[in-house]
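We did not get these values from a lab; they are worked out from the coordinates using the rules stated. Since the model is a prediction, treat every value here as computed from it, not as a measurement. Here Cβ is always computed from backbone atoms with ideal geometry, including for glycine, and neighbour counts include all displayed protein chains.
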């Protein structure tokens, strides 16, 4: 006879082919791995019976149920008899309940298969994603057609609410960020230009940078994170709440009802926000030039306006227009393809921002190359 | 005299992709029935409802509603049937950006020639019918879960439907609200002659309102029993149905 541990609420000892498991005191939050290893040891091959001895047992929790359950399970597999008769009746009942459910549920394996399987599933996934998005673009085109021919069921109040959200309510954050970006551009440029004594050209640098591209990009990033994600979350939550099902069974177009107001609002708001961002960026540059670098106020604005060209300004506004479409489409598409649980809404929201930013960069690249080719 | 068939389902298989929930189901819902689709969790009750309402394409089979093939029929005919159907979703599925009246007026704006003033009056009437008189300008976030279901029912009744589908109407309701909703369903059926299809596993509701039913079984993926639920309780065709209808009592 030997004891395996001292002062342990669970102790094992064996005698004449019988393992006795004594339970004493409180068996609470007890880790069972070591004890189960003992039952599984090869030396226990000759064991005929396992007996639980709960004489000093005071309090217990799920960890004791787990210990008994696992001991009984292992013993069953090995053909060993287990005596639970001395255990409290409610503990025995709980162990029996755990054994009552013996059905193994069907569950699709999520393990990674072979290379061909991975290639196949990625290809199918890509095909579905591309065809789904193309279907969505087709539906948007039809929706625009209905809108232009006054057959859309888009509600004016929804459009106004969307416009208020992405217009006036976004002014403060767009102004602040654009001011800071203009300020940073001016600082970075000033350090280099000062070495040539050409610090006055900070005004030109900030004006061209903000108007041509930075204003639109900053507004795009802000609106993708602020408005595009909100679109995805709102429409995704409608999916969870069966509101999209209700629209579908009522025969109402989800595109007309949900996407068009948001798309049109962003198409209208983004160029205006881009103009604001351009101006606030120039103000930020002026702040550095005039107050920190000591450039004359009038001189600064003279150089700034000299650098301002209609081409640069319109290219920036066109960027804003394109970004508005991208943000609205990515937000709405992610929301409409959201799953039916809370987690899916988070995924849809994240996806909308990531898609929007990636597509904005891609479109910026395309516009830049085209402008370069046509000499704008 | 034989009853007129409102919904005729033939050889219908329901599932998602390769996963079949139910195969080769055949049943009929007669006009004026309160028809219960019942069964244990995961047997495909809600998926069956999604097929009937056109939200989920079936794996195979036919759904004919008022003589229109809802799977392969002409889109215009199918749309006409949909316009004459109302659905009450588990959560009510009210549009949160609209007031209750606006929710109810939405299908009217799409499919009727009522003037805005008449639509507004009708919305008020529908709300009064479900016990929500005066709640026209409330938003869904301002009312309780039971009231949302009632408002959802008012919206389902907006176009005076021939068939109203209910998805788990008692889910999340206290016993009194649940009883009141059952009373409302019976009243709706009695006074308007509306055909009602209810997906539920709430026994009290099943016996209180149902006069015809099918029992779906997850294990065999078939219809295990059909008929009046009260008759099924008296003469259960098998152990599974008996246990379900008696809350697990062993036969």
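On a 0 to 90 degree scale, rounded to 10, what angle separates helix A:342-374 from the longest Cα axis of chain A?
30
Would you work out the relative contact order for the range A:10-99, in percent, from Cα pairs under 8 angstrom that are 6 or more residues apart?
31
Strictly greater than 26 Å: what percent of every Cα pair in chain A meets that?
Counting pairs separated by more than 26 Å, the tail of P(r) holds 68 percent.
From the P(r) of the range A:10-99, can you give the percent of Cα pairs sitting at distances over 18 Å?
For the range A:10-99, the share of Cα pairs beyond 18 Å comes to 37 percent.
Using the Cα atoms of the protein assembly as shown to build a convex hull, what is its mean projected area in square nanometres? Working shown, then result.
On the way: hull surface 176.7 nm².
It is 44.2 nm².
Working from the alpha-carbon coordinates of the range B:52-198, get Rg over Rh, Rh being the Kirkwood radius.
0.97
When A:327, A:366, A:213, B:7 are ordered from fewest to most other Cβ atoms inside 10 Å of their Cβ, what list results?
In increasing order of surrounding Cβ atoms, one gets A:366, A:213, B:7, A:327.
Return the single residue from A:336, A:91, A:148 with maximal mean-square fluctuation; model: Gaussian network over chain A, springs between Cα atoms under 10 Å.
A:91
Looking at chain B, what % of the alpha carbon pairs are farther apart than 29 Å?
Here the tail beyond 29 Å accounts for 30 percent of pairs.
Among rounded, prolate and oblate, which fits the range A:271-314 when a ≥ b ≥ c are the square roots of the eigenvalues of its C-alpha gyration tensor, a/c under 1.5 means rounded, and a/b larger than b/c means prolate?
Here the range A:271-314 falls in the oblate category.
Determine the percent antiparallel among the DSSP beta bridges restricted to the range B:156-238, to the nearest 5.
Here the antiparallel bridges make up roughly 45 percent for the range B:156-238.
Please build a GNM for chain A, connecting alpha carbons under 10 Å apart, and tell me which residue among A:247, A:268, A:48 fluctuates the most.
A:48
Relative contact order (percent) for chain B, with alpha-carbon contacts under 8 angstrom and 6 or more residues of separation?
Values: 479 pairs, mean separation 62.6, N = 251.
Normalised by residue count, the contact order of chain B is 25 percent.
Based on DSSP, what percent of beta bridges with both residues in chain A are antiparallel, to the nearest 5? Intermediate results must be reported in sequence, preceding the final value.
Details: 6 of 18 bridges.
In chain A, DSSP labels about 35 percent of beta bridges as antiparallel.
Mind running the shape call on the range A:155-374? Use the C-alpha gyration tensor, a ≥ b ≥ c as the square roots of the eigenvalues: rounded below 1.5 for a/c, prolate if a/b tops b/c, oblate otherwise.
Numbers: a/c = 2.67, a/b = 2.58, b/c = 1.04.
Prolate.
Given a cut-off of under 8 Å on Cα pairs at least six residues apart, what relative contact order in percent is computed for chain A?
17
Would you mind pulling out the separation of the Cα centroids of the range A:230-305 and the range B:146-188, in Å?
Their Cα centres are 42 Å away from one another.
Going by alpha carbons, how many degrees (0 to 90, nearest 10) lie between the helix axis of A:229-240 and the longest principal axis of chain A?
Once rounded, one gets 40 degrees.
Once you've got the GNM for chain A with C-alpha springs shorter than 10 Å, pick whichever of A:283, A:206, A:82 has the biggest mean-square fluctuation.
Fluctuation is largest for A:82.
Rounded to the nearest 10 degrees, what's the angle between the helix B:116-129 long axis and the longest principal axis of chain B, both from Cα atoms, 0 to 90?
Helix B:116-129 and the main axis of chain B meet at about 50 degrees.
Can you give the Rg/Rh ratio of the range B:163-251, where Rg is from the C-alpha atoms and Rh is the Kirkwood radius?
0.98
Over the range A:10-99, what is the percentage of antiparallel beta bridges among all DSSP beta bridges, to the nearest 5?
Looking only at bridges with both residues in the range A:10-99, the antiparallel portion is about 35 percent.
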